[in-house]
Every structure is written in structure tokens, then in C-alpha cells.
């Protein structure tokens, strides 16, 4: 099962750099939601099934912004299984570091102290003062020089190894129904299966176990998993429900597609955005179903559409479906959207086609200059499916602007007609085959070199 890892600490200690190193520059889709995730980002770790949360810096400031960031950091700590506590060796041990460590100890979670910006042996010696914090698990890192990052990657692969749980059978797929409690998941399950398989009640939290129902659509066998409502960990009191949340997160990983149900009367609240971020970080295609549309009048439907457009601008590729499970309204069109998203995520993308699209994208808009040099995107190939992953090779990829990476992603998505599925793109610097190799002169070349040097000295 995936472990959730929160990266916390003061501002400017290198949390985001460590987050980017562990997830890969573009290996994981990062959901940065305004309002919900100010300085709170989600990403999937490389070589691991762990989900990382990059939080805002905890400061002593009393401003409204600082309070918002602190609130988001506390939410990340509550929902995490493991905490990476990052400190700055150049700042030294501060009183704020001590205060943060005391708060973290009260969580009774696995805490790893990461002493960052250890760029030389002198700073390695200075790291000894952090022994006072009393954490057994300590790592010395330098994100600027990529030192110690490999040890953190090894740690994540040990505590949360990679899993391939999605279906490999093109004739069957697993669909997880996900959402907050009482949004209508069980009603929709019964409607799609054509039988009363799941208990339906006005009371939230009725479904305590993940229940699997088998149906068939257009010759495709579908395992429909009705999960328990996922709510914030801080609001989970009963041990039974805590286990249900664990099952729901596992269901996302096992699924090929996720139907994320949202209550149209309370659309895209913080927890909905958080769940969507987790789904996309894990890399599953998702359909957003806005249920209980029958409870809204025409004006409220217009307001709902405006809210969706505003809050989901960062993920405009997701299919939105307005429906009413209670009245069986727009239900028939839901599963075809699921099949469309599944096929998009499983597409075989030919290398010649990908390189043609890349050439077109570069011809329309070249990468911006980085200093005196312009990054060169040379060729691209497919690196995986469900979610689709592309690997772009070139020179000076580290200098590629985020805005240009987003442009390339959107261009590929539009050209390949990828619908409702995340698309991960790795930008990789091509290696120099002659790097590190010395040019060994032959005996003849050595004699000639001596003659040239001797001749130049005479001049």
C-alpha cells in the first residue's frame, strides 16, 4: 500500500527542491490548487509507490498568509504516514526548529530528519548540532549537488515499494467509485449493476467496506468497486472507518479508471480537491461526476459550471459529467466516458508519430533562451502506459521553462486526443558519449607534439 509522506520545515530550507528530486522534474503530475494547496503539492515518488506532499514553510509570522500555510501544513501532517522534517545546516539549529520537532513528536509517526544544504565537509561537521533534536533517522543532503538524494529514494522504495496493480487485460477493467461520504456512490453502484447490491442510507458512512460488483458494457467486463467515503483523517474517529479509508486508497491503486463523485450542492470543497490531487498523483484516469443535479435550479447549474471552470482550470482535460443517480438522469452516458478514458490511458504511441508532433510543436513555438543557449528537444518516445508517459531527450533540459513544458504537454495531449487521463513527460538530458574519456595520444602524435612545442619556444 502507498505511504503518504509529508515534507515539512521552515521556509527556504529546500523542501521543494527535495520534493522535485524525489518525484523527478516532470515524472509526477503536481497538483497546485489555489485556495486548497497554497504551498501544498502532491507528487508520486520515483521508484516507489509513495505519495509525497510538499508543504509551505512553517514560520513565526502572524500574517493571514502564514496562518493559511500553517493550516495546510497541519492537514498534510495529519493525513501522512511518514514525515520528512527538513532543516538548513547553514541556518543552524533554531528555536523554530525545536518548536516544530516538539509538535511532530506528538503525532507518533515515523519522522526522518533531513539536514539539507550540506555542500562540503565543514558543513557536515556543523550538522552535529542537530543531534540535540533527538531523531534517530537522520540524512545529510545537498539538493543543489544531488548528494544524499539517492539514499532518500532508497528509503522510499523500501517503505513503499512500487506496485503494478492495474489490469493488463484489455478486455476487462477495474473502476473505483470515489468520493466524500453520502455523495451517492452506493446509489450509483446499484443503478449501474441493476440490482440492490449496496446498502443506501441518508446517513453518511453507511458503506464501510469496498464492495466489488461485476458488470458488462460493450463486450468489456467491468469490476466496479464501491468504496467507503474518504474524508479527512482528522475527522476519522472509529477504527473501522480508518480501515475503510485505507481500503479506498488501495482501490484507487488497483483501478484502471476512477469515477470521482462530487455533491453538486457542495461542489469541489477542499476535500474533493485533495482527493482529486491524490488520484492524479497516483496517475489514474478520472471522470468527475457531479451528482444530485436534480436538486439545483437553472441558475444554480450555471453557477456550478462557473465554479467547475474556475477551480479545475489546471486540469481542463478531465471529463465533467452532470448527473442524478436518484432520478437515473445522464447515467447511461457515464460508462462510455469511462471506456474512453481507459482507452486513452492504454494507447500505443508510435515513435514516428510522437516525433512528428514534437517537431510541429517546436516549429510553432521554440523553447525560450536560457542565457546564451536555447534548450534543444531532439527526440521523444513512449515510456509507459496507464498513465501514458513520454520521454523527451535533448540538451540543456534543466533550463527548460515550466511554461514551455506545459505547452509541450498540452500540445501532445491535444494532438494524441488523450481524454481524462494524466500525461507524464520526462525531459532528459542526452549524455555525452565522450564525457570522462581522455584522448590518448599515440607515440607518433607525442613526438609531433614535442616538435611543435619546441618550435613555438624558439619563436
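The values are calculated or read from the model by the stated rules, or taken from the named source; none is laboratory data. The structure displayed is predicted, hence computed values, not measured ones. Note that we place each Cβ from the backbone using ideal geometry, even for glycine, and neighbour counts take in every protein chain shown.
Among the residues making up the range 131-144, those that are surrounded by 13 or more Cβ atoms within 10 Å (Cβ to Cβ) and touching a helix residue (DSSP H, G or I) at 6+ places or on another chain (Cβ under 8 Å) are 133, 135, 138, 139, 140, 141, 143. Scanning for something in the same structural domain as residue 13 (by TED's automatic domain parsing), over 26 Å from residue 154 (Cα atoms) and without any contact (Cβ under 8 Å) to a residue 12 or more places away in the chain, does the range 127-134 turn up at least one residue? Within the range 127-134, none of the residues are in the same structural domain as residue 13 (by TED's automatic domain parsing), over 26 Å from residue 154 (Cα atoms) and without any contact (Cβ under 8 Å) to a residue 12 or more places away in the chain.
Okay, residues lined up against (1) out of contact with any strand residue (DSSP E or B) (no Cβ under 7 Å at 6 or more places or on another chain); (2) crowded, with 18+ Cβ neighbours inside 10 Å; (3) modelled with pLDDT of 85 or more:
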site	(1), (2), (3)
158	yes, no, yes
162	yes, no, no
166	yes, yes, no
175	no, yes, yes
195	yes, no, no
203	yes, no, no
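Looking only at residues that are under 27 Å from the mean Cα position of the chain (by Cα) and at positive phi in the range 92-117, which one is modelled with the highest pLDDT? Restricting to residues being under 27 Å from the mean Cα position of the chain (by Cα) and at positive phi, the top hit is 117. Given the structure, is residue 278 out of contact with any strand residue (DSSP E or B) (no Cβ under 7 Å at 6 or more places or on another chain) and assigned by TED's automatic domain parsing to the domain that holds residue 176? When the stated conditions are applied, residue 278 does not pass them. Restricted to the range 62-164, the set of helices (runs of 4 or more DSSP H) holding at least 3 residues that are over 26 Å from residue 43 (Cα atoms) comprises 95-105, 121-126. Here residue 57 passes the criteria (1) modelled with pLDDT of 85 or more; (2) more than 30 Å from residue 390 (Cβ to Cβ) except the one numbered (1). Restricting the range 233-264 to residues that are touching a helix residue (DSSP H, G or I) at 6+ places or on another chain (Cβ under 6 Å) and assigned to a loop (DSSP other than H, G, I, E, B) leaves a set whose member that is modelled with the lowest pLDDT is 236.
Assessment of the range 267-289 against the conditions (within 20 Å of residue 186 (Cβ to Cβ), surrounded by fewer than 18 Cβ atoms within 10 Å (Cβ to Cβ), more than 17 Å from the chain's Cα centre (by Cα) and modelled with pLDDT of 90 or more) yields no matching residue.
The listed residues are 225, 211, 131, 215, and the only one of them that is within 27 Å of the chain's Cα centre (by Cα) and at pLDDT 80 or above turns out to be 225. Do you know which of the residues in the range 351-376 that are touching a residue at least 24 places away in the same chain (Cβ under 8 Å), in contact with a strand residue (DSSP E or B) (Cβ under 9 Å, 6 or more places away or on another chain) and within 14 Å of residue 412 (Cα to Cα) is surrounded by the fewest Cβ atoms within 10 Å (Cβ to Cβ)? So, considering only residues that are touching a residue at least 24 places away in the same chain (Cβ under 8 Å), in contact with a strand residue (DSSP E or B) (Cβ under 9 Å, 6 or more places away or on another chain) and within 14 Å of residue 412 (Cα to Cα), the one surrounded by the fewest Cβ atoms within 10 Å (Cβ to Cβ) is 351.
Within the range 433-459, residues that are at pLDDT 75 or above reach partners that are in a loop (DSSP other than H, G, I, E, B) with beta carbons closer than 9 Å, at six or more positions or on different chains, in the pairs 448/441; 449/441. Please work out which one of (1) under 26 Å from residue 346 (Cα atoms); (2) surrounded by fewer than 14 Cβ atoms within 10 Å (Cβ to Cβ); (3) in contact with a strand residue (DSSP E or B) (Cβ under 9 Å, 6 or more places away or on another chain) is the condition residue 398 fails and give its number. Result: residue 398 fails condition (1) only. Residue count for the range 329-350 satisfying the condition of being under 30 Å from residue 293 (Cβ atoms) and exposed (fewer than 13 other Cβ atoms within 10 Å of the Cβ): 3.
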